[in-house]
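What follows is one structure encoded as structure tokens, with my remarks underneath.
The values are calculated or read from the model by the stated rules, or taken from the named source; none is laboratory data. Keep in mind that what you see is a predicted model, and the values were worked out from it rather than measured. Glycine gets a Cβ as well: all are built from the backbone with ideal geometry, and neighbour counts include every protein chain shown.
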């Protein structure tokens with residue numbers, strides 16, 4: 001094979017036994033083991049098999065009974081990726097008795113486990129064409145050897161799917177330490193919890209960030225608790241986390257984290273799913289409420305002194321053009337409540353039910369006045385009842401919105417939020433797609449405009465917020481909850497003074513991201529003590545979809561990229577997510593980025609140039625090297641190069657020795673980084689040249705030219721590797737951004 005660019009070494013199809021044993025068994029919590037217990041799920045992966053080949057994988061009990069049989073294929077490295085072979089070992093479905101609503105515990109053993117499986121040995125076998133290829137043994141223990149945690153229904157029956165608005169989510173735990181204090185969390189699904197990962201409880205049954213806390217009394221080691229009441233549930237995939245607390249009850253615990261003392265149910269798969277009943281049409285959510293400007297500008301917050309208009313954009317909902325519906329403004333209901341409570345009040349919160357007809361063009365110009373000031377503080381949804389049956393019908397009527405509220409009415413509202421303001425330590429981003437610097441403010445309430453921001457991870461960060469207020473408001477104490485631990489707090493709010501209805505304050509981020517990543521979040525705004533009077537906490541509404549990129553260090557400017565480009569920053573932060581070191585960033589970009597999303601196509605110079613750009617957004621300086629042959633004009637001139645067996649990134653080439661005329665790679669932090677093969681070698685460029693090249697073709701005669709292949713010699717000064725016979729530069733020009741291709 002002849003090519004004009006190249007890539008370095010993949011060590012072959014065999015993976016080292018230390019990192020990738022021939023067969024590995026895991027629990028759903030990610031623990032490698034040969035000893036399983038009831039309710040574990042058995043995950044299987046294998047290596048050192050034939051690439052791209054099908055195998056039969058069986059689980060056989062010690063009495064010879066085949067419990068499962070799967071037909072699985074290897075990837076191009078001869079690996080069977082992680083696969084669940086046995087879900088919920090020993091679990092049988094509960095009887096169809098009426099559900100219990102009390103908290104009687106424990107449930108009967110026969111309801112949740114099959115004792116026929118315990119105390120026995122099993123063999124996992126890999127078979128190809130009736131030939132036994134590999135085996136490994138494991139056992140199912142008679143007793144629980146570690147804590148167990150799983151979602152159940154009100155009876156205590158294991159359950160992984162719940163209907164929104166119709167079913168409570170309970171959780172059951174077994175074999176926890178006697179007398180321990182346990183905090184339960186329902187969190188968005190993740191397959192990889194790391195130390196210092198913030199836990200964000202989604203249930204809100206005890207208030208934001210306040211999941212259930214309880215103590216196991218006496219010799220009790222098991223529990224069954226209500227995790228998420230049906231009326232508060234939201235669609236999605238979730239994990240259950242039980243944190244065994246190491247501090248006294250009532251003590252403040254900052255930044256709850258997933259650590260070794262924490263039990264995660266089904267780490268490798270979702271703990272449970274909240275879903276709609278089969279056959280129910282998907283709701284049609286869109287912005288409907290706004291202010292009367294030309295055109296209508298959608299907003300999710302209103303002052304009590306502002307009017308509310310409603311309009312339908314025909315571009316978003318063309319199927320509603322020409323239709324007429326009734327406008328209902330109703331106190332906010334969440335998705336779960338709308339599922340089971342669909343009646344619409346007449347009159348509604350505005351006092352009158354208006355109607356609206358969707359026009360063919362300029363839908364925002366045909367706004368209908370739906371609520372005239374003064375408004376009543378609170379949270380509201382807007383429903384357009386197109387079948388005019390005085391009920392909300394999912395998939396027929398339009399709604400603004402299910403979760404969170406359609407809009408909030410208060411004495412104060414957020415008008416804009418600036419991350420990269422004068423005096424901040426935010427990073428200026430360049431939007432290379434739209435050819436413009438991302439300016440501040442990064443959030444506008446009008447039309448809910450949200451733009452990205454960037455910070456160096458950790459440290460102290462602030463945002464500057466502009467507020468609008470009713471004419472009677474001269475001052476208030478303000479803070480925000482939820483995303484990034486919130487801004488300031490109820491106990492330490494920011495005092496904001498208002499002049500002509502406008503005020504501004506600088507807020508401190510409570511928990512700035514500690515690792516590289518892309519952080520999407522919302523802030524729930526609160527205020528109290530208006531005009532110095534002692535008042536209770538009031539809701540100001542939610543600002544959503546804030547996006548902050550946390551980078552490792554201050555970005556390195558490049559000749560044609562003085563500021564990090566948004567597209568490149570997004571890729572780098574995503575691929576290096578969770579990294580806290582330079583090596584972690586580069587490893588993530590190599591493995592998650594190049595290995596999974598690039599395909600080498602004889603364009604090593606573009607891939608190397610991309611690497612320099614990617615790591616520069618994370619504050620890592622990098623350079624490039626180009627090593628190549630020249631036209632044969634003298635004996636010993638290098639005319640071609642040949643690699644060892646390498647495996648370029650992407651599915652095109654596979655493992656092979658490649659011939660080319662030159663090759664380009666990058667260097668950063670004392671190692672040669674070759675993104676074409678997602679490989680790194682410690683040392684200078686000469687070490688890498690000796691590492692990756694096997695043979696060189698050199699000229700042995702001129703006029704006519706004759707060549708022969710010779711082995712690569714150590715160093716870069718002998719024979720055809722001498723400077724006068726080959727080409728090398730330490731600073732090749734950066735190429736235009738190429739980006740991933742898959």
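Being surrounded by 16 or more Cβ atoms within 10 Å (Cβ to Cβ) and in a strand (DSSP E or B) is the filter here, so list the residues in the stretch 423-441 that pass it.
Listed by number, the residues that qualify are 430, 431.
Do the conditions hold for residue 614, that is, is it within 21 Å of residue 735 (Cα to Cα) and without any contact (Cβ under 8 Å) to a residue 60 or more places away in the chain?
yes
Going by the conditions given, is residue 99 part of a loop (DSSP other than H, G, I, E, B), surrounded by 14 or more Cβ atoms within 10 Å (Cβ to Cβ), out of contact with any strand residue (DSSP E or B) (no Cβ under 7 Å at 6 or more places or on another chain) and at pLDDT below 85?
Against the criterion (part of a loop (DSSP other than H, G, I, E, B), surrounded by 14 or more Cβ atoms within 10 Å (Cβ to Cβ), out of contact with any strand residue (DSSP E or B) (no Cβ under 7 Å at 6 or more places or on another chain) and at pLDDT below 85), residue 99 does not qualify.
From the list 340, 383, 315, 330, exactly one residue is surrounded by fewer than 17 Cβ atoms within 10 Å (Cβ to Cβ), touching a residue at least 24 places away in the same chain (Cβ under 8 Å) and within 28 Å of residue 163 (Cβ to Cβ). Which is it?
Of 340, 383, 315, 330, the one residue that is surrounded by fewer than 17 Cβ atoms within 10 Å (Cβ to Cβ), touching a residue at least 24 places away in the same chain (Cβ under 8 Å) and within 28 Å of residue 163 (Cβ to Cβ) is 340.
This table checks each residue for (1) under 19 Å from residue 199 (Cβ atoms); (2) surrounded by fewer than 22 Cβ atoms within 10 Å (Cβ to Cβ); (3) in contact (Cβ under 8 Å) with a residue 12 or more places away in the chain.
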{"site": "459", "(1), (2), (3)": "no, yes, yes"}
{"site": "467", "(1), (2), (3)": "no, no, yes"}
{"site": "483", "(1), (2), (3)": "yes, no, yes"}
{"site": "494", "(1), (2), (3)": "no, yes, yes"}
{"site": "505", "(1), (2), (3)": "no, yes, yes"}
{"site": "511", "(1), (2), (3)": "yes, yes, yes"}
{"site": "518", "(1), (2), (3)": "yes, yes, yes"}
{"site": "534", "(1), (2), (3)": "no, yes, no"}
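In the stretch 497-512, what residues are assigned to a loop (DSSP other than H, G, I, E, B) and under 36 Å from the mean Cα position of the chain (by Cα)?
510, 511, 512 - these are the residues of the stretch 497-512 that are assigned to a loop (DSSP other than H, G, I, E, B) and under 36 Å from the mean Cα position of the chain (by Cα).
Out of everything in the stretch 442-451 that is assigned to a loop (DSSP other than H, G, I, E, B) and buried (at least 21 other Cβ atoms within 10 Å of the Cβ), what residue ends up being modelled with the lowest pLDDT?
Among those residues, the one meeting the criterion is 445.
Among the residues of the stretch 63-71, is there at least one that is in a loop (DSSP other than H, G, I, E, B) and either surrounded by 14 or more Cβ atoms within 10 Å (Cβ to Cβ) or in contact with a strand residue (DSSP E or B) (Cβ under 7 Å, 6 or more places away or on another chain) (or both)?
No: zero hits.
Output yes when any residue across the stretch 387-396 is in contact (Cβ under 8 Å) with a residue 40 or more places away in the chain, in contact with a strand residue (DSSP E or B) (Cβ under 7 Å, 6 or more places away or on another chain) and not in a loop (DSSP other than H, G, I, E, B), and no when none is.
yes
Can you say whether residue 34 is under 14 Å from residue 135 (Cα atoms), in contact with a strand residue (DSSP E or B) (Cβ under 7 Å, 6 or more places away or on another chain) and surrounded by fewer than 18 Cβ atoms within 10 Å (Cβ to Cβ), as far as the supplied structure shows?
The answer is yes for residue 34.
Can you name every one of the strands (runs of 3 or more DSSP E) wholly within the stretch 298-381 that holds 2 or more residues which are more than 12 Å from residue 409 (Cα to Cα), in the same structural domain as residue 233 (by TED's automatic domain parsing) and out of contact with any strand residue (DSSP E or B) (no Cβ under 9 Å at 6 or more places or on another chain)?
No strands (runs of 3 or more DSSP E) qualify here.
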